[in-house]
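The values are calculated or read from the model by the stated rules, or taken from the named source; none is laboratory data. Everything quoted here is computed from the prediction, not taken from an experiment. Neighbour counts run over all protein chains shown; Cβ positions are idealised from the backbone, glycine included.
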Amino acid sequence: MLHDQYVTLRELRADDAAALLVHVSPPEVSRHIAPAPTTVEGFKSFVRWTHAQRRRRLHAAFGLVPAGNLRPVGLLQFWPIERDYSTAEWGFVVGQQYWGTGLFGRGARLMLDFAFDTVGVLRMEARSAQVNARGNGALRKLGAIPEGTLRSAFRQGTRVADHVMWSILATEWRSVPRAGDGQG
Ligand SMILES: CC(C)(COP(=O)(O)OP(=O)(O)OC[C@H]1O[C@@H](n2cnc3c(N)ncnc32)[C@H](O)[C@@H]1OP(=O)(O)O)[C@@H](O)C(=O)NCCC(=O)NCCS
């Protein structure tokens with residue numbers, strides 16, 4: 001469990017499924033990401049999968065719980081690209097009512113601190129659909145660097161889109177000013 005005064009990141013629970021369905025599944029939220037479950041049962045099965053993957057050290061999934069809430073309103077996840085997690089990839093989604101509130105940025109910093117400082121990630125990758133202005137904007141704000149275009153990398157039904165490859169290096173992450181250090 002990771003937390004600051006505004007947000008907690010914690011392991012998903014089976015009884016989070018209904019909240020995840022509300023926040024993650026609407027088409028305007030999931031438009032640019034891999035298809036999310038569309039039922040409570042689907043999310044319960046996803047939660048079980050995250051537990052099994054964590055036990056095998058193949059995936060870390062966190063529910064993003066705003067202070068004062070009991071249930072997650074979004075998800076942050078990362079998984080290894082290299083088996084030893086030296087290179088990893090992350091993904092994220094937050095319920096629309098929380099967009100632009102700063103919640104994502106706070107949760108992302110907690111998870112990235114954990115990934116770089118505790119897990120030992122040296123390079124964290126993210127792929128974002130080129131047309132996903134919010135996703136790309138949020139990554140840029142965190143200090144991620146766009147490295148190039150992955151052509152036709154994202155398929156959703158008949159729709160095919162390009163991805164932007166973003167990365168954050170551990171060395172860069174440690175030089176990013178943090179809230180509370182006088183630079184916002
Ligand atoms: C991606 C996501 C988690 C970001 O959370 P958020 O609260 O919306 O992010 P923020 O508001 O902190 O940052 C988004 C930035 O993109 C900017 N942005 C939004 N629309 C934009 C546009 N059309 N063009 C350029 N920038 C844009 C925002 O203005 C904001 O920057 P600012 O704070 O400087 O104004 C959230 O939007 C989400 O869950 N989206 C759906 C799922 C998704 O796309 N996941 C990403 C997969 S890579």
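Matching residues to (1) buried (at least 22 other Cβ atoms within 10 Å of the Cβ); (2) not in a loop (DSSP other than H, G, I, E, B):
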site: Pro72; (1), (2): yes, no
site: Thr101; (1), (2): no, no
site: Asp113; (1), (2): no, yes
site: Phe116; (1), (2): no, yes
site: Val121; (1), (2): yes, no
Report task. Count, please, the residues in region 138-158 that happen to be out of contact with any His (no Cβ under 6 Å at 6 or more places or on another chain), among the small types (Gly, Ala, Ser) and within 21 Å of Ala88 (Cβ to Cβ). Result -> 4
Query raised in the report: Within region 123-145, how many residues are in a loop (DSSP other than H, G, I, E, B) and either more than 6 Å from the ligand (Cβ to nearest atom) or closer than 24 Å to Leu58 by Cα (or both)?
Result: 5
Requested in this report: Please list, ordered by first then second residue, the pairs with beta carbon atoms under 8 Å, 6 or more apart or interchain, first in region 115-141 and within 16 Å of Ala153 (Cβ to Cβ) and polar (S, T, N, Q), second within 6 Å of the ligand (Cβ to nearest atom) and assigned to a helix (DSSP H, G or I).
Outcome: Ser128/Gly135
Query - Residue that is farthest from the ligand (Cβ to nearest atom), among those in region 35-59 that are without any contact (Cβ under 8 Å) to a residue 40 or more places away in the chain and of a type in the set (A, V, I, L, M) - result: Ala52
Query raised in the report: Looking at (1) at pLDDT below 95; (2) under 21 Å from Val24 (Cβ atoms), which is the only condition Arg178 fails?
Result: (2)
Query raised in the report: Consider Gln96 against the criteria (1) more than 9 Å from the ligand (Cβ to nearest atom); (2) touching a residue at least 40 places away in the same chain (Cβ under 8 Å); (3) surrounded by fewer than 17 Cβ atoms within 10 Å (Cβ to Cβ): it satisfies all of them except one. Which criterion is unmet?
Result: (1)
Report summary line: Picked from region 1-30 (must be loosely packed, with under 13 Cβ neighbours inside 10 Å and among the charged types (D, E, K, R)), the residue farthest from the ligand (Cβ to nearest atom) is Asp15
